[in-house]
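Have a look at the structure below before the remarks.
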Amino acid sequence: MKSYPKILSKNFEVPHAQHIGVYLSGGGYEAARKVYTSWKPEQLIEEVKKSNLRGLGGAGFSTGMKWAFIPKDSTRPHYVVVNADEGEPGTFKDRYILCKDPHALVEGILIACFAVGSHKAFVYIRGEYVEPIRIFREAVREAHEKGFLGKNVFGTGYEVEIVIHQGAGAYICGEETALLESLEGKKGFPRLKPPFPAVKGVFGCPTVINNVETLACLPPIVNLGAEWFAKLGCEKNGGTRLYSVSGHVNRPGLYELPLGTPLREIIEEHAGGVWKGRQLKAVIPGGISASILRSDEVDIKMDFNSLARVGSMLGSAGVVVMDETTCMVTTLLVAARFFAHESCGQCSPCREGTGWVLKMIERIYEGHGRSQDLDNLLDIGKNMMGNTICAFGDAAPTPVISYITKFRAEFEYHVRHGKCDLEDRSQKSE
Amino acid sequence: MQAKFQMSSELKTELDKIVSQYETKQAALLPVLNLAQEKYGSISPEIESWVADYLQLPLMKVREVVSFYTLFHAEQKGKHHFQMCRNMSCMLRGCEEMIEYLKERLKLEDGQTSQDRCFSLSTVECLAACEMAPMMQLNDRYVGPLTKESIDQILKEIEINN
Amino acid sequence: MPILKIDGKDIEVPVGTSIIEAAKKAGIEIPHYCYHPGLSVAGNCRMCLVEVEKFPKLQISCYTPVTEGMVVHTQSERVKDAQQAVLEFLLVNHPLDCPVCDQSGECELQNYYMKYGLYDSRLMEDKVKKHKAVSIGPTVMLDGERCVLCSRCVRFCDEVTHTHEMGIVNRGDRAEIEVAPGKEVDNDYSGNVVDICPVGALTDKDFRFKCRVWFLAQTPSVCPGCSRGCNIEIHWNKERPYQTPGERVMRLKPRFNADVNKFWICDEGRYNYHWIDQGRLLKPMQKRRGVPHEVSWEEAFGTLSGLFLRPQEMGVIVSTDMTNGDLAMAQQLFVSELKVKNVAYQWIRKSGKEDELLMKADKTPNTRGAQALGFEDRSGEIYEQIEKGQIKILFLFGHNLMEILGKDQAEKMRSHLETLVILGPHAHEGINLADWALPSAVYAEKNGTFTNFEGRVQKISKAFPPMGMAKSEREILKEMARQAGIHINLTV
């Protein structure tokens, strides 16, 4: 198996790495100390731009650019908000960082605060993460004790406080403006943009929102340099990525690999191949919101641009593998149920569309499909896309359109015969 | 007239500390509700109106929030709350069978709580632990990959501890 | 000011104007549900999507500000497809119960379906069940299934009245409007949530099932309920009076006036119309030997004009409920022509609220108008002179002496008078004191103007003819004067 440097996961196997002593002994907080004691914010932003670090929550926007949007002349306080509302089905990387290397996140937050002139960071962690919250809270306490947080960070007189904010169960709060609303004590309704959070974010103040994994990349960038980091990845995609691999593989788990690692390599080498000796049928490459790939499409590099070129996306790098026994109607039912459950209900196309689509797929699943259903589903999906306040309206119909388009014959069989062709096939072979 | 709900003074002190971390009182709404639910087991209408008064919010703004987020519930859950993930990776690895098995063992349907308030069973969307599929959240703890044997084992442990 | 092109038309609008407002200015309608110019922008209904050149996605016209050189298309195929799609989404869970819905005929789902929808239904699924026919306040009913979740009502209660009674609970297609437990939509402006509801979700208990809206005629007017003079529309039943026996006015609606009331009216004003057709004085009456008899106008004018020969024994008390035209006629006749000295208005304190938004303490519409015409509030002096026997003839406009003075005092006052002439629309108990009771028209039955508390002169229009034999005060006085050989031509 090919092996790659471990940047983000280097501490995952280290015993007690969640304790500050262990973290420090591995050179922890040196990057933050360096930045606070000898760097200028502009220099830091330039360095991160050069590193080609892109937002690893899913959108893939340049982190350095995002920081640079924070207005320099603003008299209002600036905030760093950490998106730890990990909820994209198929993704579990942030949980690993929070649990196994929480100080990497604390250090990343310190660096981000310095870059944008913020003295307070809110860490929005999904409500179900009771254990990760407990561990991260302890890390914050330890960092405070050491003087890395508080009123006098590294003796520089610079103040940084971290507030841990526990969510309460809403996938939409992973959308950054819904997260801000939620942080302000409201329903998670995504905001109209502009203004963008960099200008008017939490409490109406300039705010930068970064994902956990993104922030954890900052200490290595500072320590080892932007060029080194950029070179780890591929063109315009610096660094490595924590690929969450799940589904029908022999070794489901989290794998740190460079951006641009071929998808087939991830499945066959790192995750141990398709389980039970079966054939690969399909892969979701970047969380449930990404277009599905058929088995003949997996010879592709896992980076933002390569996946975008084939109409899918790297997203959160949640790789969900499906073997030949997978019924695509069932998978679509699961996806549709999720989106109908999680739509915030603000925009008409998404609110009504997600529920409608789910009911249609349920009907097909139960054997009452009609000949026009599939074309209707594609059309309804298309009507939702691009017409809502946030990207949820684009994500929700993506499985509908991509599963039906790529596995049309299977859906048609289901509609015509009221059951799955896989059932029929397995019966015939017996 | 029903007696007005009173938050314990101990909890009130804790809540005051939370509120002080935020720029607005409203921003403390989720943490305050989370903590109240942790202590009282549910968000009753009385707690809703106490929180509204406490954070100086219109009652409707609290109502909206409580109804929006799935972790808030008005009814008391069982001492052992089984939340079975039924999203993609768990489905692929057989969560439906596990859910059926658990329903059978607990004699509960999705969303139900046993009469003795010992067990609750819910199906939930992705808990972001797909590597341990099929998995569940049992109270605060993530458990997986589940098999019929591991479910039997968990239930046995609960029985012993009771 | 930026110049942009919408559907080929060049339009110049101030910086910051939204596309939807710019289009409105050019006479181009962009369909919408959640957008309301009196509220913050929510941008959730997605009905107002338009195509803006150089933007890859369709944009919501309510939130997109115009820029110099912007080129907008509101009629392109893409836009039409999107409008049709949004309508289809909005109707997925709508009960389509128009035959029993009170909003029928003024429903934007119906209207837009005919204009922008016209698709064949492809819905096979069961609809989401929500709460129906819920009383959410003394005047407002909610049907959750008809709601399009535009949130206008919620924003109204948050932003205009700051009472925050309403909200949207749950999420996804289970979302619905709710009122906080134990609370009601019971603020001073509740009725406005019905006006701004674009569909049949919120209906008004006062109006529900009284009349189909297509039987209504609309007449612009001004609310006579206080000195604000909110602009209103009188909605009255032109064809089916038997549906609500004897009442012609079915409801009052606010009429936009940027300077006076914007889009709103208060509930006090809104429901202040049932009196119009109730207990009306229908014919001129003369008391003979203590018993009222019906008389013709000719008889009344003939006899009463005779009183004009004794102006020095005459007192006149007008009311600030009268229009400027009626007051001007009274002023011309009694002051200018007859030189009556004792002419005044009497201001009546009526119960009601006052606030910072619209409601004024002066619950009469034309105090400023009466003052501008030279009337003063000297009614007290007139009553004194009546008691001293200096005034023997009193012309009283609209007022009810029983209410003003109390029964005993009113009767005592009456006993000092030789002739009491009361002009008014209603047959209240005070009318029994009169020797002559002359039926006058209410504001909805005449043209004229009121001058509001800021001195703004505002027009009211005649919705329907006066009830029975009633006439406007202006006509009555003019005719009476003519009988006495006095010709008055007013241009007011």
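Restricting the search to the range A:244-274, which residues are within 12 Å of chain B (Cβ to nearest Cβ) and more than 17 Å from residue B:90 (Cα to Cα)?
Hit for the range A:244-274 is A:255, nothing else.
Whether any residue in the range B:46-55 is in a loop (DSSP other than H, G, I, E, B) and facing another protein chain (nearest Cβ under 10 Å) is what I want to check.
Yes, the conditions are met somewhere in the range B:46-55.
Got a sec? Which helices (runs of 4 or more DSSP H) wholly within the range B:57-126 have at least 3 residues that are at the interface with another protein chain (Cβ under 8 Å from one of its Cβ atoms)?
B:59-68, B:88-92
Would you mind finding the one in C:231, C:257 that is among the polar types (S, T, N, Q) and open to solvent by less than 20 Å² (accessible area, probe 1.4 Å)?
Going through C:231, C:257 in turn, just one is among the polar types (S, T, N, Q) and open to solvent by less than 20 Å² (accessible area, probe 1.4 Å): C:231.
Tally time: how many residues in the range A:279-326 are facing chain B (nearest Cβ under 10 Å), assigned to a loop (DSSP other than H, G, I, E, B) and surrounded by fewer than 24 Cβ atoms within 10 Å (Cβ to Cβ)?
Residues in the range A:279-326 being facing chain B (nearest Cβ under 10 Å), assigned to a loop (DSSP other than H, G, I, E, B) and surrounded by fewer than 24 Cβ atoms within 10 Å (Cβ to Cβ): 2 in total.
Going residue by residue through the range C:64-82, is there one that turns out to be touching a Phe, Trp or Tyr at 6+ places or on another chain (Cβ under 8 Å), crowded, with 22+ Cβ neighbours inside 10 Å and either charged (D, E, K, R) or not assigned by TED's automatic domain parsing to the domain that holds residue C:160 (or both)?
No; the residues of the range C:64-82 include none that is touching a Phe, Trp or Tyr at 6+ places or on another chain (Cβ under 8 Å), crowded, with 22+ Cβ neighbours inside 10 Å and either charged (D, E, K, R) or not assigned by TED's automatic domain parsing to the domain that holds residue C:160 (or both).
Tell me yes or no: at least one residue of the range C:170-181 is at pLDDT 95 or above, open to solvent by 50 Å² or more (accessible area, probe 1.4 Å) and away from every other protein chain (no Cβ under 11 Å).
Looking through the range C:170-181, none of the residues is at pLDDT 95 or above, open to solvent by 50 Å² or more (accessible area, probe 1.4 Å) and away from every other protein chain (no Cβ under 11 Å).
For residue A:241, state whether it is away from chain B (no Cβ under 14 Å) and part of a helix (DSSP H, G or I). Give the derivation first.
Working: away from chain B (no Cβ under 14 Å): yes; part of a helix (DSSP H, G or I): no.
Answer is no for this residue.
Limited to the range C:74-88, what total is found for residues that are of a type outside the set (Ser, Thr, Tyr) and either in contact (Cβ under 8 Å) with a residue 40 or more places away in the chain or more than 10 Å from chain A (Cβ to nearest Cβ) (or both)?
Residues that pass the stated criteria total 8.
For residue C:418, only one of the following conditions fails: (1) buried (at least 17 other Cβ atoms within 10 Å of the Cβ); (2) closer than 26 Å to residue C:301 by Cβ. What is its number?
With (1) buried (at least 17 other Cβ atoms within 10 Å of the Cβ); (2) closer than 26 Å to residue C:301 by Cβ applied to residue C:418, the lone miss is (1).
Anything in the range C:124-168 that is more than 13 Å from chain B (Cβ to nearest Cβ) and of a type in the set (S, T, N, Q)? List them, or say none.
C:135, C:139
Taking the condition of being of a type in the set (D, E, K, R) and over 26 Å from the mean Cα position of the chain (by Cα), how many residues in the range C:117-174 meet it?
13
Among residues belonging to the range A:335-351 that are in a loop (DSSP other than H, G, I, E, B) and touching a residue at least 12 places away in the same chain (Cβ under 8 Å), point out the one that is nearest to residue A:188 (Cα to Cα).
Once the filter is applied, the top-ranked residue is A:344.
For the range B:127-151, how many residues meet the condition of being over 21 Å from residue A:131 (Cβ atoms) and either part of a loop (DSSP other than H, G, I, E, B) or without any contact (Cβ under 8 Å) to a residue 12 or more places away in the chain (or both)? Before the answer, list the steps.
At the first step, the residues of the range B:127-151 found to be over 21 Å from residue A:131 (Cβ atoms) are B:147-149.
Still in the list and also either part of a loop (DSSP other than H, G, I, E, B) or without any contact (Cβ under 8 Å) to a residue 12 or more places away in the chain (or both): B:147, B:149.
Number of matching residues: 2.
Take residue A:374 and tell me if it is more than 10 Å from chain C (Cβ to nearest Cβ) and surrounded by fewer than 24 Cβ atoms within 10 Å (Cβ to Cβ).
Details: more than 10 Å from chain C (Cβ to nearest Cβ): yes; surrounded by fewer than 24 Cβ atoms within 10 Å (Cβ to Cβ): yes.
Yes; evaluated as a whole, the condition is true for this residue.
Listed residues C:195, C:188; which is charged (D, E, K, R), assigned to a loop (DSSP other than H, G, I, E, B) and either open to solvent by less than 30 Å² (accessible area, probe 1.4 Å) or more than 12 Å from every other protein chain (Cβ to nearest Cβ) (or both)?
Only one candidate qualifies: C:188.
Among the candidates C:120, C:143, which residue alone is among the acidic types (Asp, Glu) and either at pLDDT 95 or above or open to solvent by less than 40 Å² (accessible area, probe 1.4 Å) (or both)?
Criteria check complete, one pass: C:143.
Among the residues of the range A:119-169, which ones are closer than 21 Å to residue A:186 by Cβ and among the polar types (S, T, N, Q)?
A:166 - this is the single residue of the range A:119-169 that is closer than 21 Å to residue A:186 by Cβ and among the polar types (S, T, N, Q).
The values are calculated or read from the model by the stated rules, or taken from the named source; none is laboratory data. Here the structure is a predicted model, which means the values were calculated and not measured. Here Cβ is always computed from backbone atoms with ideal geometry, including for glycine, and neighbour counts include all displayed protein chains. For the accessible areas, the whole protein counts, side chains as well, though only heavy atoms, and no ligand, DNA or RNA atoms are used. Shrake-Rupley method; radii C 1.70, N 1.55, O 1.52, S 1.80 Å.
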